[in-house]
Amino acid sequence: MTTIKTTLMGLAAGLLLSIAPAAAAEQAAAGHEEHYQIPRLKWTWGGIFGYFDQQQLRRGFKVYKEVCSNCHNLGLLSYRNLGEPGGPGFSPEEVKAIAAEVQVFEGFDEQGNIAMRAGRPADNFVWKFKNAKEAAAAFGGAVPPDLSLITRARGIEREFHWYEYPLVMAKDLATQYQEQGADYLHALLLGYVDLPAGRKIADGLNYNRVFPGNQLAMPQPLSDGQVEYGDGTPNTLDQEAKDVTAFLGWAAEPHLAERKKMGVWVIVYLAVLAGLLLLSKKVLWRNIEH
Amino acid sequence: MSNESIASVTHEPGSFEHTYQPKTAFTRWLDARLPVIRFAAHFMAMPTPRNIKYVWAFGAILAYFLVVQLYSGIILAMHYAPNSAIAFDSIEKLMRDTSYGWLMRYTHVVGASLFFFAVYIHMFRGMYYGSYKSPREVLWMIGVAIFLCMMATAFMGYSLVWGQMSFWAVTVITNLFSSFDSIYPGLGTAIVQWIWGGFSVDNPTLNRLFSLHYMVPFVLVALVALHVWALHVVGSNNPTGIEVRDVKKETLPFHPYFTTKDMFAIAAIAILFAYIVFWMPNYLGDVVNYEPANPLKTPPHIVPEWYFLPFYAILRAIPSKLGGVIAMFGAIVVLFFIPWLDTSRVRSCRYRPIFKWLFWVFVFDALALGYIGSQPAEGSWVFWGQVFTVYYFVHFLVLMPLVGLIETPSPMPESIEDDVKRKAKSTQPQAVPAE
Ligand code: HEM
């Protein structure tokens, strides 16, 4: 078996393929990794009529701006997106003010020096770091990833037997489970628990029960009461994590609510069309044995 | 319309007599120069067995998806930048800033998946009812060529995203050719570098993938035209697998009977399509592909899209690189030969008491290979991958020729008409005399 395995690995440029359950189970058995089953949460943008809650997006933006943006960026987002329908709904003035807080590379002045200007709504979000090298230097080699697509670029690992697979798939399809990434992110932010007895982690890394391998360079970014909401919403760790997750969920797909709304009409249209076509077929074939 | 008038517009399959009469001065003029209307009228009147079921609608459904892919693809190409530095972002820009860009992209992505879903049902239908058997061998073989073209197109299209999985899938699959080094030292490496246009998967690779992804679908269109032509020559098979004897009694003109039926089937599939596009557009894809390509970071699990998984499992089942490549391509090439591997006189599995079961075992085998393809190549999955791979080939190379020789077909109806009459009798309510 080992030779087969080695050959296979050599085979396709280090194909260390694995979908979670088996590998996770194996690692857990070997005592390497804590396996935490990430729960499925309810998000306002899940389901048939999903939408983003404007107040939640505003709170989430506050968390992002005050905490996450110190290390991460949202490079695919423009400041103007913050004022567009379906999003946090900031007024044009607010958007302008937010954009003006950053300095953007404009070109070169007459002396050939780099010229900067204040950000405008049409600009993309600007990262605190000059580039990935600077970021890597700050975190011992780990680069805080761009978060623009983070809720779509992460999934969760679920454990089931092979014969349960059709059932899991049917359930996902019936309940439109598309928020795995959000569930992962929320769980990650809550995942900084005490190091279990007997486990060791590398210097400069932090223990997290959710992150694959359980140790990552990001220190716990959120804690109870960290961000002042000012609107009466309790600023617990759980709430902050949910809010920033919602904001990043929106950032990953600003047209999500529009998509679902359109879908309802498309289905209604197609259902009527299919009904009429079925009727025509029945009428046409009425007296025909087949 | 009475049955009489229906019969008057039907013809022998393949015959070119027709009832089209140009009525205006212009159509008479055109008919004498380029009889396109005559051709279309004849084409649409193709005599089609009246007893075919809804699984026969998958041919029309495939044609629908082909049009959907071409249309949405041409729109995407207007916004896509085939440059490794900006390809990923250009797609995200389309999703975010182009009016309904997200709709076009999700349509194309989900459409590709459903295209494969439809083609697999279409092929299994052919296998169950023996549609590949004489006189439909060429029709079937063109189908297999279409399937190959579809796979090539889908693979290249997926690479264009230039996400992590795109990049590593291209790396892994193009690297397969390096196995030719074991035939002649240096041969594989030379081929791989020629494909890459350099010494690694990079911008030149992406450019050629884009060019070919735009081109191959038009080859596909040509092949589909041949496929439909071949269909019109030999006519559709049907659930009994018995050839049409009496065109008047056993067939109906394709239009309006099957156009209406197929349109309904397309609308029904479109509902499923819309459901996935509007609510679960990312369900069928791998999340890792939402991370931009990073040549320095191998993803922990490289897996292809779901429709390649059975073949991927076969590739990995063989403990030699070249052997795996041969087995994987062999799994598709063997399909070209099944018209001659099947020795049974009877087409339809309906009347094949043994092979009917073997058909379903084969379906299970294909699904199992798909599941194994998604699992890590370790532990018991390696063993099961090998078992199901062996069975895949045993099905075609051993069971198909053998069972055809030893099996006694169950009693069959005399003709399509006989079958239709029997079915009508058994479903007619007894209290109402049929009149
Ligand atoms: C682009 C993909 C394809 C398109 C658009 C297409 C289209 C069609 C159409 C319109 C028909 C007639 C309706 C029907 O019988 O379903 C048909 C029949 C057929 N196709 Fe395809 N096809 C495609 C791929 C394939 C593939 C991959 C195969 C098999 C390897 C295949 C094998 C057949 C056979 C054997 C028939 C005759 C079936 C019968 O009469 O029972 N096709 N195809």
C-alpha center-to-center spacing [the range A:102-139, the range B:210-233] in angstrom
49 Å
Ordering of B:202-208, B:135-141 by packing [mean C-beta count within 10 Å, highest first]
B:135-141, B:202-208
What is the Cα centroid distance between the range B:285-351 and the range A:156-185, reported in whole angstrom?
24 Å
Using a/c under 1.5 as the rounded threshold, could you call the range A:23-182 rounded, prolate or oblate? The axes a ≥ b ≥ c are square roots of the C-alpha gyration tensor eigenvalues, and prolate needs a/b larger than b/c, oblate otherwise.
oblate
Inter-chain shielding metric for A:144-152, i.e. average beta-carbon neighbours from other chains within 10 angstrom, reads 3
With a 10 Å radius around each residue's Cβ, average the other Cβ atoms per peptide and rank A:222-233, A:36-47, highest first.
A:36-47, A:222-233
For the range B:48-302, the Cα convex hull volume per residue in Å³ comes to 147 Å³
At what distance in nm do the modelled label points of A:Arg120 and A:Asp224 sit from each other, each positioned 7 Å from its Cα along Cα→Cβ?
4.7 nm
Could you compute the net charge surrounding B:Tyr132? Neighbours are other residues with a C-beta less than 10 Å from the C-beta of B:Tyr132; K and R count +1, D and E count -1.
+1
So what is the calculated 222 nm ellipticity per residue for the protein assembly as shown, using -39500 (n - 2.57) for each DSSP H run with n of 4 or more, over all residues, to the nearest 500 deg cm²/dmol?
-17000 deg cm²/dmol
May I ask for the Kirkwood hydrodynamic radius of the protein assembly as shown, worked out over all distinct Cα pairs and given in angstroms to one decimal?
29.2 Å
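Count the net charge of all other residues whose Cβ sits under 14 Å from the Cβ of B:Leu405, scoring Lys and Arg as +1 and Asp and Glu as -1.
Result for the local shell: 0.
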Taking Cα pairs closer than 8 Å and at least 6 residues apart, the relative contact order of chain B in percent is 22 percent
Counting partner chain Cβ atoms within 10 Å of every residue's Cβ in B:281-294, what's the average?
4
Rg/Rg_ref, the range B:305-409, where Rg_ref = 2.2 N^0.38 Å and atoms are Cα
1.13
Using a 10 Å cut-off on Cβ atoms, rank the peptides B:164-173, A:152-161, A:65-74, B:232-241 from the highest mean neighbour count down.
B:164-173, B:232-241, A:65-74, A:152-161
Using a/c under 1.5 as the rounded threshold, could you call chain A rounded, prolate or oblate? The axes a ≥ b ≥ c are square roots of the C-alpha gyration tensor eigenvalues, and prolate needs a/b larger than b/c, oblate otherwise.
oblate
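Give me the inter-chain shielding for B:96-106: mean count of other chain Cβ atoms within 10 Å, whole number please. Intermediate values should be presented prior to the final figure.
Numbers: counts 11, 4, 0, 0, 4, 1, 7, 6, 0, 0, 1.
Across B:96-106, the average partner-chain Cβ count within 10 Å equals 3.
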Would you please classify the overall shape of the range A:206-256 from the alpha carbon gyration tensor, given that a ≥ b ≥ c denote the square roots of the eigenvalues, rounded means a/c under 1.5, and beyond that prolate means a/b larger than b/c while oblate covers the rest?
oblate
I need the chymotrypsin sites (Phe, Trp or Tyr not before Pro) found in the range B:246-284, filtered to DSSP loop residues with at most 10 other beta carbons within 10 Å of theirs.
none
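Rule-based calculations on the coordinates, nothing more; no lab input. Remember, it's a predicted structure, so these values are computed and weren't measured experimentally. For neighbour counting, all protein chains shown are included, and Cβ atoms are generated from backbone atoms with ideal geometry for every residue, glycine included.
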